[in-house]
Amino acid sequence: MSSSNQHQFRYTQTPSKVLHFRNLPWECSDEELADLCSPFGKIVNTKCNVGANRNQAFVEFVDLNQAISMVSYYAASSEPAQVRGKTVYIQYSNRHEIVNSKGPGDVPGNVLLVTFDGVEAGEVSIDVIHLVFSAFGFVHKIATFEKTAGFQALIQFTDAETASSARNALDGRSIPRYLLPENVGSCNLRISYSAHRDLNIKFQSNRSRDYTNPMLPVNQTAIDSALQSAIGPDGKRKELESNVLLATIENMQYAVTVEVLNTVFSALGTVQKIAIFEKNGQTQALIQYPDVTIAASAKEALEGHNIYDGGYCKLHLTYSRHTDLNVKAFSEKSRDYTVLNPSLHPTQAPAWQNTQAAPMYPGGLQGQMPSWDQNQQDVTQSYLSAPGTFPSGQAIPPVPGYSPSAVSPSSASLHSNLPPGSFADASPPGIQPYYG
């Protein structure tokens, strides 16, 4: 038996007539599972699109021996189980039957709860939402809001049948690109049923509409405020500025850590906080500056630039609606530079406060980055003083390539104040950050 198949099954589990399938392709159907399993016996029930990524499923055979037969076959076969050319992992389930109990979001109703993935509030207008969903029937009311899950909307139809047709057609799909602002790459829809039956809309605004009551008062202040912030003097859509930038990183051939981002973005000004996360299969990061002016300068200078030479780790920057990030001060995916690292000895200042540290940047800039202190803002000006390759004349001093095995202890002082797992350690040997 091949080693690859050894990882495809778990033998420590008690056999069950219900099998658990993992790594299935997107929106795998009951019919596709039936094609895979039916040669081994009669299938009595299936449950597809399970899990956060909707790439898991359960299949229940009528008899335990049929399930054992399927597991044994693929365990001994040199060819793994596949659906649409994708290797599927099979194991016995802990359950002995599939119970298709419906949650609140699966009980059909006339009101849909829609989550818009990949966008922030205001980037998909209520008129666009109405245009998309009214293609399936008369839309009575719409209410948009923000929750932990992101930007969401409640959409009320005449009846459950109309709502079901809209959900079946649009769930998992994307809003057409031409209906979205230029700064939005894509907007995916996640749709479930709401327990509401009749939405209470108090007035017409950019966040709520009642299409059944033309006499409903209009909240003109809310509409005017949204238009003023969204439309610039030239009549074109204006992106709302913020002191926090949202960075999307494309073509990631090398690791991009908190230290890497700090090295790049602190060249334009003092970075206060950084948070890295995954969204819609892409690596993104939030970078917080003290004010909007510095963030705007960084956005203009770094938009479209590559962190590494060769077009690797390309930055696409937009403004975030956040203004003050709530992040863990010292973790692998986040950093708060306004908080002193408690792991340092009281007499040992961090690199960006240690005036004896070897200079990391030309021009006498000491340590990794300056402390965020209003009295030391003149220090940040040294980041901007060097001539360089950016359109605005600002430059990011390149960080020398570094390999721990190639540097003797006596010559390693350049990075001696960087924390473990820093940019120097994370850089692939011979690969330097690229700023051109």
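The values are calculated or read from the model by the stated rules, or taken from the named source; none is laboratory data. Just so it is clear, the model here is predicted, and its values are computed rather than measured. Positions of Cβ are generated from backbone atoms using ideal geometry, with glycine treated the same way; all protein chains shown enter the neighbour counts. Heads up: the accessible areas ignore ligands, DNA and RNA and are worked out on the full protein's heavy atoms, side chains in. Shrake-Rupley method; radii C 1.70, N 1.55, O 1.52, S 1.80 Å.
Leaving out ligands, DNA and RNA, and with a 1.4 Å probe, what % of the accessible surface on region 47-97 is carbon or sulfur? All intermediate terms of the calculation are to be shown ahead of the outcome.
Working: 1150 of 2670 Å².
Here carbon and sulfur together make up 43 percent of the probe-accessible area.
At R0 = 22 Å, how high is the FRET efficiency between GLU278 and THR87 if r is their beta carbon distance? Nearest 0.05 is fine.
Working: r = 22 Å, r/R0 = 1.02.
After rounding to 0.05, the efficiency reads 0.50.
Can you return the aspartates and glutamates within cross-link range of LYS86? Criterion is Cα-Cα under 20 Å, with same-chain partners fewer than 8 residues away left out.
Candidates past the 8-residue exclusion: GLU27, ASP30, GLU31, GLU32, ASP35.
Which value in nm describes the separation of the simple spin-label points at ASP159 and SER72, placed 7 Å from the Cα toward the beta carbon?
With each label placed 7 Å out from Cα toward Cβ, I get 5.3 nm.
If R0 is 51 Å, what FRET efficiency do you get for LYS202 and SER38 from their C-beta distance, rounded to 0.05? Let's see the in-between values first.
Numbers: r = 55 Å, r/R0 = 1.07.
Efficiency for this residue pair is about 0.40.
Under a point spin-label approximation (7 Å from Cα along Cα-to-Cβ), what is the ASP63-ASN45 distance to one decimal in nm?
So the label points at ASP63 and ASN45 sit 2.0 nm apart.
Determine by what factor the alpha-carbon radius of gyration of region 29-138 differs from 2.2 N^0.38 Å, reporting the quotient.
Numbers: Rg = 19.5 Å, N = 110, 2.2 N^0.38 = 13.1 Å.
In units of the 2.2 N^0.38 Å rule of thumb, it is 1.49.
Just to be sure I understand: if I project the alpha-carbon convex hull of region 66-192 onto a plane and average over all orientations, what area do I get in nm²? Let's see the in-between values first.
Numbers: hull surface 45.5 nm².
Computing the convex hull of the Cα atoms and averaging its projections yields 11.4 nm².
Please compute the per residue accessible area over region 264-332 with all protein chains in place, 1.4 Å probe, rounded to a whole number of Å².
Values: 2830 Å² over 69 residues.
Using a 1.4 Å probe on heavy atoms only, each residue of region 264-332 averages 41 Å².
Tabulate in residue order the Karplus-calculated ³J(HN,Hα) for region 163-174, using 6.51 cos²θ - 1.76 cosθ + 1.60 with θ = phi - 60°, rounded to whole Hz; enter x for Gly and Pro.
4, 5, 5, 5, 5, 4, 7, 10, 4, x, 8, 10
From the backbone phi of region 250-257, what are the Karplus-calculated ³J(HN,Hα) couplings (6.51 cos²θ - 1.76 cosθ + 1.60, θ = phi - 60°) in whole Hz, Gly and Pro given as x?
9, 6, 7, 8, 10, 5, 10, 9
Would you mind checking which residues have amide H under 5 Å from HIS140's amide H? H placed 1.01 Å from N; only 5 or more apart, or other chain.
Residues meeting the criterion, in which the H sits 1.01 Å from N, are GLN156, PHE157, THR158.
How high is the FRET efficiency between ARG177 and ALA329 when r is their beta carbon distance and R₀ equals 51 Å, given to the nearest 0.05? It would help to have the intermediate numbers written out before the result.
Values: r = 39 Å, r/R0 = 0.76.
For R0 = 51 Å, the calculated efficiency reads 0.85.
Send over the semi-axes of region 234-332's equivalent ellipsoid, whole angstrom and largest first, taken as the square roots of 5 times the C-alpha gyration tensor eigenvalues.
Working: eigenvalues 80, 58, 35 Å².
In descending order the semi-axes read 20, 17, 13 Å.
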